[in-house]
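Throughout, read-outs are computed from the coordinates displayed, never taken from laboratory work. In this text the structure is predicted, and so the values were computed from the model without any measurement. Glycine gets a Cβ as well: all are built from the backbone with ideal geometry, and neighbour counts include every protein chain shown.
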Amino acid sequence: MIDIHTHYVPNGWPSLDLGPDSPWLRVESESDAMIMLGAKEFRRIQANCWDAGLRLADMDVDGVDIQVVSPTPAFFNYGRSAGEATKISRIFNDLALEIVAPARDRLLPFCQVPLQDTDAACRELDRCVANGHRGVEIGNHIGDLDLDSVGVVTFLQHCASLGVPVFVHPWDMVSSPRSDRWMAQWLTGMPAETHLSILALILGGVFDRIDERLKICFAHGGGSFAFWLGRFENAWHHRNDVIGTSQYPPSHYIGRFSVDSVVFDERALRLLVDTVGAEQVMVGSDYPYPLGERPAGGVVLKSEFLSAEERELITTRNARRFLGLS
């Protein structure tokens, strides 16, 4: 089994010297730490974020052979200058290689890039791929710019030309008194952000003009896309004067992108597979965070509606194709 959605955090990093809200790690013990954004506590983490031995032990328990290890989106820093974001990306990308070094055949690193500057993002991607990164994780937007913005499309085309897989993760959800309760940013904001980004690739005409070799996968089951595809399709046909910016209706683009399986419920997984096809779903767990799935791929393995072939596609074969593994 291949898990294409996991995260890492290094056990400390050099001072970034980026002002009062710089990210840093408050180490509290050998196994516990707190991600800090300046003086603000962001997330408590444990040693499985940086300790390859602990990660591999958990993988063995869950029956996972390979993990894709991606950045934690809090460190994207798309709102900073290109120079500052490049500095952060280089530090974390190099530390990621150190984390996965004990098991390079089982832990496959994805890099991050300063996506707010297309040229800098392409340069950092090239550097990382040359150093051993197997793909790139990007956030689903840059401020008010979505994935159909000119700079992001240019970057995605660069990824397609290199055969580098892209993993899209929601981040920087809108904060308000309503969304800040009950972790609502994670419970409603993340699915909505992911859905919105898939819409941007379709309605923004990206899939109409970008290289079909682009390998792109969306986290968290593609958000709410599968549930609302019918509404999307209906709107395209009946209000084409407003949203008819793609050459074809939304359902035409099924197959141009993949999603992970971390939807936690067999009924949701059935809808996802029925909507995008078993060939476009890959196991993802969001390890090692508390809102992730343990054991990884548990819903896929116990879902009786899946045939043996579909289960093999979701657990292994699709990810091998996505990652370019022989």
Residue of Arg256, Arg123, Arg239 that the Gaussian network model of the chain assigns the largest fluctuation, springs spanning Cα pairs under 10 Å: Arg239
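Any idea what the relative contact order of the chain is, in percent, if you count C-alpha pairs under 8 Å spaced at least 6 apart?
Value for the chain: 16 percent.
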Label-point separation, Leu97 to Ile243 (7 Å along Cα→Cβ), nm: 4.4
Distance (nanometres) between label positions extended 7 Å along Cα→Cβ at Arg178 and Ser81: 3.8
Percent of C-alpha pairs per 5 Å bin, region 1-123, short to long: 2, 11, 20, 22, 19, 14, 8, 3, 0
Amide H partners (placed H, <5 Å) of Met282, local residues excluded: Val259, Asp260, Ser261
FRET efficiency for Ser326 and His252, using Cβ-Cβ distance with R0 set to 41 Å, rounded to 0.05: 0.85
Cysteines not pairable in the chain (beta carbon separation under 4.7 Å absent): Cys49, Cys122, Cys159, Cys217
Calculated diffusion of region 43-102, Stokes-Einstein form, Kirkwood radius summed over Cα pairs, 10 °C and 1.306 mPa s, µm²/s: 121
Region 169-326: relative contact order as a whole-number percent, Cα under 8 Å and 6+ apart: 18
Highest-first arrangement of 271-281, 131-141, 19-29, where packing means the average Cβ count within 10 Å: 131-141, 271-281, 19-29
Residue of Ile243, Ile35, Ile142 that the Gaussian network model of the chain assigns the largest fluctuation, springs spanning Cα pairs under 10 Å: Ile243
Principal axis dimensions, largest first and in whole angstrom, of the chain by Cα: 56, 44, 43
For region 65-139: span of alpha carbons on each principal axis (Å, largest first): 37, 23, 17
Relative contact order computed over region 1-134 (Cα-Cα under 8 Å; 6+ residues apart), in percent: 24
Estimated dipole of the chain in Debye, rounded to 20 [Cβ of Lys and Arg +1, of Asp and Glu -1, Cα centre]: 200
Two-decimal Rg/Rh across region 192-312, once Rg and the Kirkwood Rh are taken from alpha-carbon atoms: 1.00
